[in-house]
1. Could you list GLU73, GLU133 in order of exposure, starting from the residue whose Cβ has the fewest other Cβ atoms within 10 Å?
2. Sorted by mean Cβ packing within 10 Å, highest first, what order do the peptides 189-200, 272-283 take?
3. Once both labels are modelled 7 Å past Cα along the beta-carbon direction, what's the GLN304-SER39 spacing in nm?
4. Efficiency by 1/(1 + (r/R0)^6): what FRET value for VAL46 and ASP213, r their Cβ-Cβ distance, R0 = 41 Å, to the nearest 0.05?
5. Are there chymotrypsin sites (Phe, Trp or Tyr not before Pro) in region 50-106 that DSSP puts in a loop and that have at most 13 other Cβ atoms within 10 Å, and which ones?
6. Quick check on the exposure proxy: order LEU299, LEU51 from fewest to most C-beta atoms within 10 angstrom.
7. Taking a virtual spin label 7 Å from the Cα of ASN295 along the C-beta vector, which residues in region 273-289 bring their backbone nitrogen under 19 Å of it?
8. Could you list, in their original order, any pairs among LYS68/LYS277; LYS219/LYS242; LYS52/LYS215; LYS81/LYS219; LYS81/LYS139; LYS134/LYS277 whose Cα atoms are separated by more than 29 Å?
Amino acid sequence: MIKEEKIEFTAKWCKYSKYKIEKKDDKFYIVADKNAIPSTYDPFDVKNQILKDLLVIGKESVENEMYKIGNREISIEAQSKMEKFQNLVLEFVNNYGLLGNFRYLPENYEFMDNGDIPVNLGNNTSVSALEFEKKYFWKDSKIDWSKTMNSNDYHRNTGLDDYFKQSEGDRLDDIIFSKNYSETIAEIINFATIIYNKKLLICAYLYDDVSEDIKEVYKESIAGYSLKEPNISYEAENGQIKFKWNFMSLSEIIETILLLNETSGRTEVKLCKHCGKPFIAENIKSEYDSIQCRNRENLNKSRQKKNNYIE
Ligand SMILES: [Zn+2]
């Protein structure tokens, strides 16, 4: 009997050696540092760390006072101006690179690439295609912003210097890896909350104490993520055949890591059953991030039992 099915996934993503925060029109952006050097890595080599680190940002955001007050978009915008969140997001990007939302959003929501037609980004947010481009490439002074760029313009204008072309890796000539590409801190926090809320929902769905009625409600919300055109192929490496997935964005990669984490029968990234902190389980069966949390939970349980007995 085959005990464990093991598929080796591989993907490539690009990051710079150093990023910085820049402010423009009262928004905070993350961009590559002027002297930073690009390199590629395989996100599946560090899949648990990426997912855990993003869940930590999502948890901080959802539990922050700002988030609990009213409009979600405004709350996240406010958080993006706070030093605590800026540091968390900058550290994440320094470790794993930017999300690649310029590619991800059009692929995951209905996107019309035409200057006159608004770009529909879900959540009732709609911007013109030109505004969408400006948002990610505002740093480039060479771009003529009077009209929407076509793909050739992107390649010409988005800062793909000679160094870039000489670099190793099959994705480095991509526009979203140019030094002029930037993402807002708010959109990275927003993505972290989406992933965290989904993880929370899955945990709640699987929790023993939940009634069947509530499970039905959760069920509806858990469904929903699908890759439109997964670009998959074989890759032979180190005497092994690997499942190669050519992702267009780190957002997609993280969605897929969560998907695999929850469905493979080996959930390694978990939320502590006592304190809710995201952690990487060394033992597949462990439910708590620390011995302290396990002891406290056991104490709660025995108190509960005692109370039930007294009643
Ligand atoms: Zn804990």
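1. Fewest to most other Cβ atoms nearby, the residues stand as GLU73, GLU133.
2. The most tightly packed comes first, giving 189-200, 272-283.
3. Distance between the two pseudo-spin positions: 4.7 nm.
4. 0.55
5. none
6. Least to most surrounded, the residues fall as LEU299, LEU51.
7. So the set is 273-277, 286-289.
8. LYS219/LYS242; LYS81/LYS219; LYS134/LYS277
Read the figures in this text as sums done on the coordinates, not as results from a lab. Being a predicted model, the structure only gives us computed values, none of them experimental. Ideal geometry is used to build each Cβ from the backbone, glycine not excepted, and the neighbour counts take in all protein chains shown.
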